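The values are calculated or read from the model by the stated rules, or taken from the named source; none is laboratory data. Please read these numbers as outputs of a predicted model, since none were measured by experiment. Glycine gets a Cβ as well: all are built from the backbone with ideal geometry, and neighbour counts include every protein chain shown.
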Amino acid sequence: MMQMPKLLFFLLGRTALLVGCGFLVPLLAALVERSPETLLFAMAALFSLALGILLCALCRHHRSRLSIREGAAFLLLAWLELALLGMVPYLASGELSLLEAFLESVSGFTTTGITCLRPEASHLLVLWRSVSQWIGGLNILVLLTTVLPQVSGCFGISFAVQKSIHSGQLMVSRMERTAFTVVRIYVALTCIGCLLYTLGGLPLFDAVNLAMVTLSTGGCYVPSAGGLLLNGWLIAAIFFGMLVSCGNFLLYWQSVTQQRVHQLLKDAELRSFLLLILGAGAFVSWHLWRLGIYSIPDSLLYGFFHVVSFAGTTGLFADRIADWPDFDKFVLFLLPFVGGCIGSLAGGFKMLRFIILGKTALAEMSRTLHPHMVVHIGVDGSTVPQKIIGRILSFFFLYFIAFFAAVLVISLSGISELESMNIAAGCLTSAGQLSLLDGGPETILGLSAAAKLFCCFLMILGKLEIFSFLIVLQSSYLQLQRGRW
Amino acid sequence: MNLQVVSYILGRLSLATATALLFPFVLALARTETSCLAFAGAILSSILLGGLLMTSGRLISAKLSVREGIAITGLGWIMVTTLGMLPYSLGGYLPVLEGIFESISGFTGTGATVIDSIETLPSSILLWRSMTHWFGGLGIVVIFIALLPQVGRGAVHMFNAESTGPTSDRVLPRIKATALALFIIYVVFTLAAWIAFMACGLDPLTAIDHAFSTTATGGFSTYDTSVAHFNNPALEGWMTFFMVLCGGNFGLYFTVWKKGPRVLWKNSEFKAYLVMLTAATLLITWNLMDGMGFSGTESFRYAAFQVASISSTTGFVSNDFDVWPSFSKLLIILLMFIGGCAGSTSGGIKVTRFVLLFKMVYSILWQKLHPQMLAHVKMNGQEMPENVLYSVARFFFVYIMLCVLWAFLMICDGVPALAAIGVSVSTMGSCGPGFGMTGATCTYSGLPEFSKALTCVSMLLGRLEMFTLLAMLQPAFWRQKKGW
């Protein structure tokens, strides 16, 4: 008889508590405005909190270690739980149908940024959407510092964080400590962002929303007043917010705790990422200017803004990018696959892995001449073990297969090849606004119910880094085979 | 590196090309076509170049090293494709860049053409187009090793630099015997295809053109509308059979010949290949019935032919797949990526690499769940060494990255996105047709100049599995003295 995985439920209870606390934000806003939606959010908050407390209380006496199987299952269940709890307000307000509410909620928590809400929807729901993106970002950070390294850390995460987190069995006490530190940084950054946006001239409501969606790389928010590009100050602030969210949070933590902020810029991954943004931004700006779409300052502004926004899988956009030339759209399509530094909130394959793979590819050229040569690949002065390189290589394959399979399934709903590629890439890398590159918001809304569900699955799959999902599949298959269930 | 040996062997290769050019020359003479002058010029240039290279180099009995092997194969391909374009350009049929494109497309077995009206060309030129397929299909160097005596010891490095697949296994201990065995199988297949096509009602010349094109998994046809021109189910059936056959491993066929057909069912790659073909055919059949309103048999006929044609990277077209539903088109792109089996005449990443990569992912999964267990990756009952696995995964990465790079550059050059993606995948996999402006019923003539040059590079890299040519880009490669 299998033991009840009490720890798993305990952790799920905590996740529910997190959502419950999240509901307090729109609840507070509703109370201040005396809006009729107070009851709705109060109910949702109460339900989540109750569930959380119940689970935590019931499974108080748990083991202090999380096995790999439980870890993988937790990753999957946590996202599902977040999505299910988070869809309550959309559903209860009657704005969205069941499926749309689920899609909205999944897309919010996975920081994808696809939205089904009409522009004229209640601003409290919009606030909740931003809060859900922010909580999603928080959850990513918590998982990243706790469960992920153990479950799919073999793909380079462990290598990247080995200095800050010791690998091995997971202890709950350490989970709490690590998570708490990173979360503090996240909260601090959001507050700073909020402050900067207010100084930039946005009303408080807009500033709070925008800070939450930029720092979490969700990117699904359009300020009501006058768009994103009000003045130079605000643009710089948004730019900065998006950039910060694609950096390595573990590195931030390290440089804050060790008080060596200047070390940040010595990080090879961050440097290459900045270089990539610089290169891609310059390329896109030049192309936009050459085709005469914008004037020089405008093309620089729009070029760099969108490059940063998509490279960090945030997906904020300031202009109708669907009208852009194919080349710039293709660059924007490719960038989310890179998707920020390892240990950031951004989705995608991650810069560090690309650096390692790029270096191995170059080394392979000289290996053709000297077949018995031993090649060392170093990042930041430490050698990457051959085993990790091999695993990152297979992860690349896994990513490609997952992407292509997703494109095939989505194309079954009868949309064009490019649209299905955009949607699949958007869901998998959590840069959902890619679906707006060809066609508009109606592309996603017009998908069949099955395709929409599949998109939800893809978004969660992207957040699980695919491999964790395979672990869940494989271990449940083994359980099934042994007849334990 | 020993440049003298390289020069000598390249000289002989050039003479061999001159011999190959004799066939269309004789045909041109017999039919008194205007192209005979062009062929005479091409033969003369090849002989001159060959003589020059042979006198400037000399065959020392020193063993060829990896570098010389790579240099001979890489430079040999560039030289032969350049000589191969002479008939097109000297005869005034194509400008220089287009001529080179057509020649590279021929030798690499891609089958993409820049000629908008093929049917107006003289039959000798058409024969030469198909012949370039045939020589490039099995490999210029393999045929060269098989037919010409004594190319120096260490020919194995030349062989390895050209052969496709993660490991180049020899079916016979001696490299010359291996090459000869492969060549004989190749000739037998070609003859069988020729007879079969003639039995389907093609005249001998058209039949041999298509037989060359089919067994080399090239894709040049002598008609603008490709195989759709014949509208002949029996012919399509035979073509499907031969394309599937030639997408399989020739070394395996040799073993079948020696040990009986049971070997086939023990080969993981061949099984995976057949499963892939069946699955893709069924999916596309279903999708065509659903999306295009074809009847069941019609859908199956088109689907089976197109799947065989694309997965063996031939590129024949029996129905304009550019208007098919997007699911079928995307599946076709995936098949272009995968390609045929290792050691076949087809291109692409190869089925065996995909099988290995899937097994590799599975072994990581297994290892994660059972940390105490040793996870091996086995192929055909043999354990694969880790460095082979890693090099397969590296190959995959570089392949995908190059495809993305070509697409990126072509879109920058002004090609529409889907067409550019199609062209880059199609030419890297030496397949041929793409989508949109380079689609099934169109040619590559509408591409901008820069993109055309790019596709030439892409086709050569794809055919020689990248690293042969990429290794030649390093300055260290050309250094005369060995480092140690």
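Could you list, in sequence order, the residues of the stretch B:102-154 that are of a type in the set (Val, Ile, Thr) and surrounded by fewer than 20 Cβ atoms within 10 Å (Cβ to Cβ)?
B:118, B:120
Go through the stretch B:291-302 and count every residue that is assigned to a loop (DSSP other than H, G, I, E, B) and polar (S, T, N, Q).
Result for the stretch B:291-302: 1.
Between a first residue in the stretch A:386-407 that is more than 8 Å from every other protein chain (Cβ to nearest Cβ) and modelled with pLDDT of 90 or more and a second residue that is surrounded by 22 or more Cβ atoms within 10 Å (Cβ to Cβ) and outside any helix (DSSP H, G or I), which pairs have beta carbons less than 7 Å apart while being 6 or more apart in sequence or on different chains?
A:399/A:349
Provide a single number: the residues in the stretch B:347-374 that are over 26 Å from the mean Cα position of the chain (by Cα) and more than 12 Å from every other protein chain (Cβ to nearest Cβ).
3
Go through (1) assigned to a helix (DSSP H, G or I); (2) out of contact with any Leu (no Cβ under 9 Å at 6 or more places or on another chain); (3) farther than 30 Å from residue B:465 by Cα one by one and return the number of the condition residue A:302 breaks.
Unmet condition: (2).
Looking at residue B:428 and the list (1) in contact with a Leu (Cβ under 7 Å, 6 or more places away or on another chain); (2) within 8 Å of chain A (Cβ to nearest Cβ), which single condition is not satisfied?
(2)
Sort through A:270, A:278 and tell me the only one that's surrounded by fewer than 20 Cβ atoms within 10 Å (Cβ to Cβ) and over 15 Å from residue A:437 (Cα atoms).
A:278
Residue check, residue A:469 against (1) surrounded by 22 or more Cβ atoms within 10 Å (Cβ to Cβ); (2) under 22 Å from residue A:353 (Cβ atoms); (3) at pLDDT 85 or above, all met but one. Which one?
In the conditions (1) surrounded by 22 or more Cβ atoms within 10 Å (Cβ to Cβ); (2) under 22 Å from residue A:353 (Cβ atoms); (3) at pLDDT 85 or above, residue A:469 misses (1) alone.
Every residue in the stretch A:157-175 that is surrounded by fewer than 23 Cβ atoms within 10 Å (Cβ to Cβ) and either modelled with pLDDT of 85 or more or within 14 Å of chain B (Cβ to nearest Cβ) (or both), please.
If the condition is that a residue be surrounded by fewer than 23 Cβ atoms within 10 Å (Cβ to Cβ) and either modelled with pLDDT of 85 or more or within 14 Å of chain B (Cβ to nearest Cβ) (or both), then A:158, A:167, A:168, A:169 are the ones that fit.
Among the residues of the stretch A:205-231, write down those that are at pLDDT 85 or above and of a type in the set (A, V, I, L, M).
A:207, A:208, A:210, A:211, A:212, A:213, A:215
Could you grab the pairs with beta carbons closer than 6 Å, sequence gap of 6+ or different chains, first residue in the stretch A:364-375 and more than 7 Å from every other protein chain (Cβ to nearest Cβ) and at pLDDT 75 or above, second one part of a helix (DSSP H, G or I) and surrounded by 10 or more Cβ atoms within 10 Å (Cβ to Cβ)?
Within 6 Å, the pairs are A:373/A:367; A:375/A:363.
For the stretch B:200-217, indicate whether the set of residues that are outside any helix (DSSP H, G or I), surrounded by 24 or more Cβ atoms within 10 Å (Cβ to Cβ) and of a type in the set (A, V, I, L, M, F, W, C) is non-empty.
Within the stretch B:200-217 (the criterion being outside any helix (DSSP H, G or I), surrounded by 24 or more Cβ atoms within 10 Å (Cβ to Cβ) and of a type in the set (A, V, I, L, M, F, W, C)), the answer is yes, since at least one residue qualifies.
Consider residue A:310 carefully, then state whether it is within 14 Å of chain B (Cβ to nearest Cβ) and buried (at least 23 other Cβ atoms within 10 Å of the Cβ).
Against the criterion (within 14 Å of chain B (Cβ to nearest Cβ) and buried (at least 23 other Cβ atoms within 10 Å of the Cβ)), residue A:310 does not qualify.
Cβ-Cβ below 6 Å, separation at least six or inter-chain, first residue in the stretch B:385-399 and small (Gly, Ala, Ser), second assigned to a helix (DSSP H, G or I) and buried (at least 21 other Cβ atoms within 10 Å of the Cβ): which pairs?
B:393/A:393; B:393/A:394
Only one residue in A:357, A:264 is in contact (Cβ under 8 Å) with a residue 12 or more places away in the chain and in contact with a Phe, Trp or Tyr (Cβ under 7 Å, 6 or more places away or on another chain), so which one is that?
A:357 is the lone residue from the list that is in contact (Cβ under 8 Å) with a residue 12 or more places away in the chain and in contact with a Phe, Trp or Tyr (Cβ under 7 Å, 6 or more places away or on another chain).
Here are some residues: A:393, A:408. Which one is within 30 Å of residue A:116 (Cβ to Cβ) and touching a helix residue (DSSP H, G or I) at 6+ places or on another chain (Cβ under 9 Å)?
Going through A:393, A:408 in turn, just one is within 30 Å of residue A:116 (Cβ to Cβ) and touching a helix residue (DSSP H, G or I) at 6+ places or on another chain (Cβ under 9 Å): A:408.
Can you pull out the residues in the stretch B:303-327 that are surrounded by fewer than 24 Cβ atoms within 10 Å (Cβ to Cβ), part of a helix (DSSP H, G or I) and free of Cβ contacts under 8 Å to residues at least 60 places away in the same chain?
B:323 - this is the single residue of the stretch B:303-327 that is surrounded by fewer than 24 Cβ atoms within 10 Å (Cβ to Cβ), part of a helix (DSSP H, G or I) and free of Cβ contacts under 8 Å to residues at least 60 places away in the same chain.
Could you pull out the residue among B:43, B:70, B:9 that is free of Cβ contacts under 8 Å to residues at least 40 places away in the same chain, buried (at least 18 other Cβ atoms within 10 Å of the Cβ), within 26 Å of the chain's Cα centre (by Cα) and assigned to a helix (DSSP H, G or I)?
B:43
Being out of contact with any Asp or Glu (no Cβ under 7 Å at 6 or more places or on another chain), in a helix (DSSP H, G or I) and within 14 Å of chain A (Cβ to nearest Cβ) is the requirement here; does residue B:16 meet it?
When the stated conditions are applied, residue B:16 does not pass them.
Identify, from the list A:457, A:469, the residue that is more than 8 Å from every other protein chain (Cβ to nearest Cβ) and in contact (Cβ under 8 Å) with a residue 12 or more places away in the chain.
A:469
Of the residues in the stretch B:396-419, how many are closer than 20 Å to residue B:466 by Cα and more than 8 Å from chain A (Cβ to nearest Cβ)?
7
For residue A:96, all conditions in the list (1) touching a residue at least 60 places away in the same chain (Cβ under 8 Å); (2) under 19 Å from residue A:112 (Cα atoms) hold save one; what is the number of the exception?
(1)
Out of all the residues in the stretch A:318-334, which are within 21 Å of the chain's Cα centre (by Cα) and either outside any helix (DSSP H, G or I) or more than 11 Å from every other protein chain (Cβ to nearest Cβ) (or both)?
If the condition is that a residue be within 21 Å of the chain's Cα centre (by Cα) and either outside any helix (DSSP H, G or I) or more than 11 Å from every other protein chain (Cβ to nearest Cβ) (or both), then A:318, A:332 are the ones that fit.
What's the number of the only condition in (1) over 25 Å from the mean Cα position of the chain (by Cα); (2) buried (at least 24 other Cβ atoms within 10 Å of the Cβ); (3) of a type outside the set (A, V, I, L, M, F, W, C) that residue A:86 fails to meet?
Going through the list (1) over 25 Å from the mean Cα position of the chain (by Cα); (2) buried (at least 24 other Cβ atoms within 10 Å of the Cβ); (3) of a type outside the set (A, V, I, L, M, F, W, C), residue A:86 breaks only (1).
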